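Asks: My questions all concern the structure below.
The values are calculated or read from the model by the stated rules, or taken from the named source; none is laboratory data. Just so we're clear, the structure is a prediction, and the values are computed from it rather than from any experiment. Cβ: placed from backbone, ideal geometry, glycine included. Neighbour counts: every protein chain shown.
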Amino acid sequence: MAVALTAFDGATVATPVANPVMISAGDSLMWGQGLLPQNRFREIVRLRLEAELGQPVTELSLARSGARCTPPSIQIPRNPTGDAESDDVAVRDSLLDATSPAVPSRYSASNFTREIPGPVPTTLRQLESALGILSDPANASDPASVRLILLDGGINDTGIGNIIAPTAAIEEGGPLASWEAWIFAAAVQVRNKMIETLRFALTNFPNAAIVVNGYFPVFSMYSSAALFRVQALVAIHYVPGLNFVAPLTIAAAADASRAWQVASNRRLRQAIATVRAEFPGRNVFFARSGIERERCLFAPFTMLWDYDGVPDVTPTNELDVAMILAGITPHDEVAVQRHAAVTAAGFTDPVRAATSIMASVGHPNVAGARDYAESIIDALEFGGVFTPSRSPCDQAAAARRRNCQAGRDTWDFAVQRTVVGMETACSGAADALFGAAGTAVGVAGAALNRLAGRPAAVADCYAGTGAAIDACAATEATAIAACNATLATTLAGPCAIFCTQFTNCNGQFAAWDPRRYACQAARVGCVAAAATARVACRVAAEATRAACVGMAVAAGVTCRAAAVVTDTACATGQVIAGVADVAVAAGALIVAGGVALVGVAVIAGCRIAQAAVSLGGRLIGAAGHLVCNLVGGARWIGCRAGAALAGVTAATARR
């Protein structure tokens with residue numbers, strides 16, 4: 001069999017041994033964090049249901065602190081870290097396991113174990129467990145006997161830390177100003193997840209009326225009177241290191257909290273409208289919290305648990321001592337019991353232990369629980385499930401006030417949607433402008449990078465000049481050497497002109513022979529002619545060499561000049577390019593600065609416009625709400641006057 005109903009003793013005031021006609025499922029709000037069982041709002045509702053039915057009412061409560069609404073597989077769009085879906089299924093299955101003698105210790109209601117936050121079982125799995133437990137013949141129960149189901153869920157799927165601090169908004173690339181837009185978008189998951197949960201409840205508990213609780217803003221501008229208390233809460237309990245001292249950040253936190261209230265409540269109402277259309281004739285209602293403005297955390301008339309520095313237990317470890325010295329100790333009805341549960345859990349992580357001990361902070365206190373109970377009972381009365389507890393005039397007035405508030409909520413959502421739409425448009429325009437500015441800065445950076453390399457490029461231009469000049473000199477020297485070699489060859493060859501005739505005049509002719517003297521004369525002439533020819537050849541060869549050397553020197557000079565001119569032209573080109581780089585960088589930076597200024601102006605203008613729309617919308621909404629209530633008040637006076645007149649007339653007639 002599934003776990004026996006008796007195993008849930010401690011979850012409610014009434015011992016769950018009879019056939020339950022009331023089920024509660026959800027998170028810490030539904031569980032009643034920090035409250036004694038008799039002060040939880042579901043106990044007040046249970047007593048009213050008991051009076052309505054005229055019989056004892058047993059409640060099966062499966063709610064637990066920290067529970068998400070649905071498993072991660074239905075998570076839209078963000079899945080905070082935590083237990084896996086398999087763990088969620090495991091808890092459900094353990095409640096339906098015939099061999100399991102009791103509720104798992106971490107989920108047991110006894111010893112206030114459910115005061116310790118944990119993501120599973122989710123609200124949907126809690127309902128699945130309730131169905132299995134009530135369907136088990138051994139429990140002598142019947143799901144069709146359930147008359148009332150109280151539900152909530154969604155805030156832990158979004159992440160309370162992401163609502164009271166812009167953690168996820170910053171992680172996902174948005175500045176602090178996009179905090180509200182992130183919350184507005186994230187709240188869509190509340191609708192989708194609640195639709196899945198309500199479909200299951202309506203399908204499997206055919207005779208039950210269902211009330212879905214709305215959420216409240218943790219902070220408001222009234223919380224600003226306790227700046228450092230807010231800082232301590234955010235820094236220690238949720239977001240270490242995030243500074244929340246500045247009043248502007250407190251205002252942002254208050255706006256974000258209000259954005260969560262407006263967006264999530266609207267999405268829950270949409271979920272209810274969706275399933276009403278799918279399950280015609282079924283009673284599904286929304287219970288709006290009245291915890292807002294001066295009733296928020298640290299506000300003058302707060303309806304939420306805060307913290308104090310009063311020790312609740314005798315310190316037994318360093319964490320207890322540190323929390324007492326820091327003045328951070330819980331201030332609720334079950335602080336001692338929750339501390340004992342945390343100690344028994346044996347957490348090794350001091351952060352998890354501290355946040356578990358402080359888990360009541362920001363949850364409804366006794367007055368806040370009564371406010372929720374009244375809202376739930378009103379929803380059931382106006383829905384025709386409960387008999388009205390007010391006189392006809394008072395009931396009509398209360399209905400008008402309820403309608404006025406619903407109208408105000410619808411208006412506030414429309415204003416918030418407009419502001420978020422403006423945020424999207426402004427962000428898109430600003431992103432485009434800043435993107436263009438970034439591109440211009442990139443162009444300037446590239447130009448400056450090139451400019452930084454110009455001196456080296458100029459040096460590179462002259463890096464080969466010496467070698468080129470040396471090559472020119474070598475070529476010149478080679479050419480001159482060739483000229484000299486040609487000269488030497490010419491002198492040794494063509495210019496080696498000598499007289500080889502008339503060399504034996506004396507031996508050939510006798511001394512008295514005239515021919516001897518003629519031969520000698522011819523010899524002298526021949527030698528003279530050869531010498532003349534030789535000199536002429538050498539002069540011509542030297543002239544040729546001189547011309548050759550001149551041409552070699554001229555070629556060398558030309559070669560050297562060409563090398564220097566080419567390299568100088570290269571260097572000049574780099575200098576000119578550097579000047580162009582400076583111009584490009586300066587122009588790009590001017591463009592970037594101008595575009596960035598336009599982007600800043602767009603953001604500033606958008607923020608001013610958003611603030612104007614938000615403020616104007618709130619003022620119009622407040623004025624409309626006031627007028628609506630004034631008209632309702634006048635109608636109530638008229639109703640009471642009519643009732644009094646009818647009473648007087650009836651009394652007169654009896655006389």
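Asks: Condition (residue is in contact (Cβ under 8 Å) with a residue 40 or more places away in the chain and in the same structural domain as Thr475 (by TED's automatic domain parsing)) applied to segment 522-538: is it met by at least one residue? Lay out the reasoning, then the answer.
Replies: Kept after step one, since they are in contact (Cβ under 8 Å) with a residue 40 or more places away in the chain, are these residues of segment 522-538: 537-538.
If we keep only those that are in the same structural domain as Thr475 (by TED's automatic domain parsing) too, we end up with 537-538.
The answer is yes; a qualifying residue exists.
Asks: Please go through segment 313-340 and give me each residue that is polar (S, T, N, Q), at pLDDT below 90 and in contact with a Phe, Trp or Tyr (Cβ under 7 Å, 6 or more places away or on another chain), ordered by number. Walk me through how you get there before you give the answer.
Replies: Of segment 313-340, the ones polar (S, T, N, Q) are 314, 316-317, 329, 337.
From what's left, at pLDDT below 90: 314, 316-317, 329.
Residue satisfying the conditions is Thr329 alone.
Asks: Any idea which of Val631, Val582, Val565 is over 38 Å from the mean Cα position of the chain (by Cα), part of a helix (DSSP H, G or I), under 30 Å from Arg258 (Cα atoms) and hydrophobic (A, V, I, L, M, F, W, C)?
Replies: Matching residue, one of Val631, Val582, Val565: Val631.
One line per residue, one yes/no per condition, for (1) surrounded by 12 or more Cβ atoms within 10 Å (Cβ to Cβ); (2) within 30 Å of Gly435 (Cβ to Cβ):
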residue	(1), (2)
Thr532	no, no
Glu542	yes, no
Cys548	yes, no
Cys559	yes, no
Ala569	no, no
Ala586	yes, yes
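Asks: Filter segment 119-138 down to residues that are outside any helix (DSSP H, G or I) and crowded, with 21+ Cβ neighbours inside 10 Å, then give me how many there are.
Replies: Of segment 119-138, the ones outside any helix (DSSP H, G or I) are 119-122, 136.
With the extra rule that they be crowded, with 21+ Cβ neighbours inside 10 Å, the set shrinks to 119-122.
So the answer is 4.
Asks: Mind telling me which of the residues Val613, Val598, Val627 ends up being free of Cβ contacts under 8 Å to residues at least 40 places away in the same chain and not small (Gly, Ala, Ser)?
Replies: Val627
Asks: Sticking with this one: Given (1) surrounded by fewer than 24 Cβ atoms within 10 Å (Cβ to Cβ); (2) of a type in the set (Val, Ile, Thr); (3) not in a helix (DSSP H, G or I), where does Ile44 come up short, assuming only one miss?
Replies: With respect to (1) surrounded by fewer than 24 Cβ atoms within 10 Å (Cβ to Cβ); (2) of a type in the set (Val, Ile, Thr); (3) not in a helix (DSSP H, G or I), Ile44 is out only on (3).
Asks: Quick one: would you say Ala414 is surrounded by fewer than 16 Cβ atoms within 10 Å (Cβ to Cβ) and at negative phi? Walk me through how you get there before you give the answer.
Replies: Values: surrounded by fewer than 16 Cβ atoms within 10 Å (Cβ to Cβ): yes; at negative phi: yes.
Yes: the conditions hold for Ala414.
Asks: Name the single residue that is farthest from Gln405 (Cα to Cα) among those in segment 597-628 being of a type in the set (Val, Ile, Thr) and either at pLDDT 90 or above or not in a helix (DSSP H, G or I) (or both). Write out each step before concluding.
Replies: Of the residues in segment 597-628, the ones of a type in the set (Val, Ile, Thr) are 598, 600, 602-603, 608, 613, 620, 627.
Among the residues that remain, those that are also either at pLDDT 90 or above or not in a helix (DSSP H, G or I) (or both) are: 620, 627.
Values: Ile620: 14, Val627: 12 Å.
Step by step, filter segment 597-628, then rank; the result is Ile620.
Asks: Only helices (runs of 4 or more DSSP H) wholly contained in segment 139-190 count here; list those with 3 or more residues that are among the polar types (S, T, N, Q). Walk me through it before giving the result.
Replies: Details: elements: 155-158, 160-164, 167-171, 179-186.
Filter on segment 139-190 gives an empty set.
Asks: Working only within segment 270-302, note down all residues that are basic (Lys, Arg) and touching a residue at least 40 places away in the same chain (Cβ under 8 Å).
Replies: Within segment 270-302, Arg282, Arg288, Arg293, Arg295 meet the criteria.
Asks: From the list Ser223, Ser264, pick out the single residue that is modelled with pLDDT under 90 and either in contact with a helix residue (DSSP H, G or I) (Cβ under 7 Å, 6 or more places away or on another chain) or under 30 Å from Ile149 (Cβ atoms) (or both).
Replies: Values: Ser264 fails: modelled with pLDDT under 90.
The conditions single out Ser223.
Asks: For segment 317-361, how many residues are touching a Lys or Arg at 6+ places or on another chain (Cβ under 9 Å), small (Gly, Ala, Ser) and buried (at least 20 other Cβ atoms within 10 Å of the Cβ)?
Replies: Within segment 317-361, residues that are touching a Lys or Arg at 6+ places or on another chain (Cβ under 9 Å), small (Gly, Ala, Ser) and buried (at least 20 other Cβ atoms within 10 Å of the Cβ) number 4.
Results for (1) under 30 Å from Met551 (Cα atoms); (2) assigned to a loop (DSSP other than H, G, I, E, B); (3) in contact with a Leu (Cβ under 9 Å, 6 or more places away or on another chain); (4) modelled with pLDDT of 85 or more, shown as yes or no for each residue.
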{"position": "Thr486", "(1), (2), (3), (4)": "yes, no, no, yes"}
{"position": "Thr490", "(1), (2), (3), (4)": "yes, no, no, yes"}
{"position": "Phe502", "(1), (2), (3), (4)": "no, yes, no, no"}
{"position": "Asn506", "(1), (2), (3), (4)": "no, no, no, no"}
{"position": "Ala511", "(1), (2), (3), (4)": "no, yes, no, no"}
{"position": "Arg515", "(1), (2), (3), (4)": "no, no, no, yes"}
{"position": "Ala521", "(1), (2), (3), (4)": "no, no, no, yes"}
{"position": "Cys526", "(1), (2), (3), (4)": "no, no, no, yes"}
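Asks: Is there a residue being touching a strand residue (DSSP E or B) at 6+ places or on another chain (Cβ under 6 Å) and at pLDDT 85 or above anywhere in segment 159-176?
Replies: Residues of segment 159-176 touching a strand residue (DSSP E or B) at 6+ places or on another chain (Cβ under 6 Å): none.
No, the conditions are met nowhere in segment 159-176.
Asks: Inside segment 264-291, can you point out the residues that are closer than 14 Å to Asn213 by Cα, outside any loop (DSSP other than H, G, I, E, B) and of a type in the set (Gly, Ala, Ser)?
Replies: Matches in segment 264-291: Ser264, Ala271, Ala287.
Asks: Which of (1) assigned by TED's automatic domain parsing to the domain that holds Arg607; (2) surrounded by fewer than 17 Cβ atoms within 10 Å (Cβ to Cβ) is the odd one out, the single condition Leu451 does not satisfy?
Replies: The one condition Leu451 does not meet is (2).
Asks: Then there's this: Looking only at segment 510-532, which residues are of a type in the set (A, V, I, L, M) and closer than 24 Å to Ala496 by Cβ? Spell out how you get there, then give the answer.
Replies: In the first step, residues of segment 510-532 are kept if they are of a type in the set (A, V, I, L, M); the result is 510-511, 518, 521-522, 524, 527-531.
The answer is Ala522, Val524, Val527, Ala528, Ala529, Ala530, Ala531.
Asks: Examine segment 169-183 for a residue that is within 20 Å of Leu62 (Cβ to Cβ) and either crowded, with 18+ Cβ neighbours inside 10 Å or in contact with a helix residue (DSSP H, G or I) (Cβ under 7 Å, 6 or more places away or on another chain) (or both), and state whether such a residue exists.
Replies: Within segment 169-183, none of the residues are within 20 Å of Leu62 (Cβ to Cβ) and either crowded, with 18+ Cβ neighbours inside 10 Å or in contact with a helix residue (DSSP H, G or I) (Cβ under 7 Å, 6 or more places away or on another chain) (or both).
Asks: Where residues in segment 459-481 are of a type in the set (A, V, I, L, M) and surrounded by 14 or more Cβ atoms within 10 Å (Cβ to Cβ), which of them is farthest from the chain's Cα centre (by Cα)? Steps first, answer last, please.
Replies: We begin by selecting, within segment 459-481, every residue of a type in the set (A, V, I, L, M); these are 459, 463, 467-469, 471, 473-474, 477, 479-481.
From what is left, the residues that are surrounded by 14 or more Cβ atoms within 10 Å (Cβ to Cβ) are 468-469, 471, 479-480.
Working: Ala468: 62, Ile469: 65, Ala471: 66, Ala479: 78, Ile480: 80 Å.
It comes out as Ile480.
Asks: Among the residues of segment 148-162, is any in contact with a Gly (Cβ under 8 Å, 6 or more places away or on another chain), assigned by TED's automatic domain parsing to the domain that holds Gln270 and within 24 Å of Val415 (Cβ to Cβ)?
Replies: The answer is no; no qualifying residue exists.
Asks: Give the number of residues within segment 362-383 that are surrounded by fewer than 21 Cβ atoms within 10 Å (Cβ to Cβ) and assigned to a loop (DSSP other than H, G, I, E, B).
Replies: So the answer is 1.
Asks: Mind listing just one residue for me: the one in segment 464-476 that is part of a helix (DSSP H, G or I) and in contact (Cβ under 8 Å) with a residue 60 or more places away in the chain and, of those, farthest from Val535 (Cα to Cα)? Walk me through it before giving the result.
Replies: Of the residues in segment 464-476, the ones part of a helix (DSSP H, G or I) are 465-476.
Imposing the further condition that a residue be in contact (Cβ under 8 Å) with a residue 60 or more places away in the chain reduces the set to 465, 468-469, 471-473, 475-476.
Working: Thr465: 44, Ala468: 41, Ile469: 38, Ala471: 37, Cys472: 35, Ala473: 33, Thr475: 31, Glu476: 29 Å.
Ranking the qualifying residues of segment 464-476, first place goes to Thr465.
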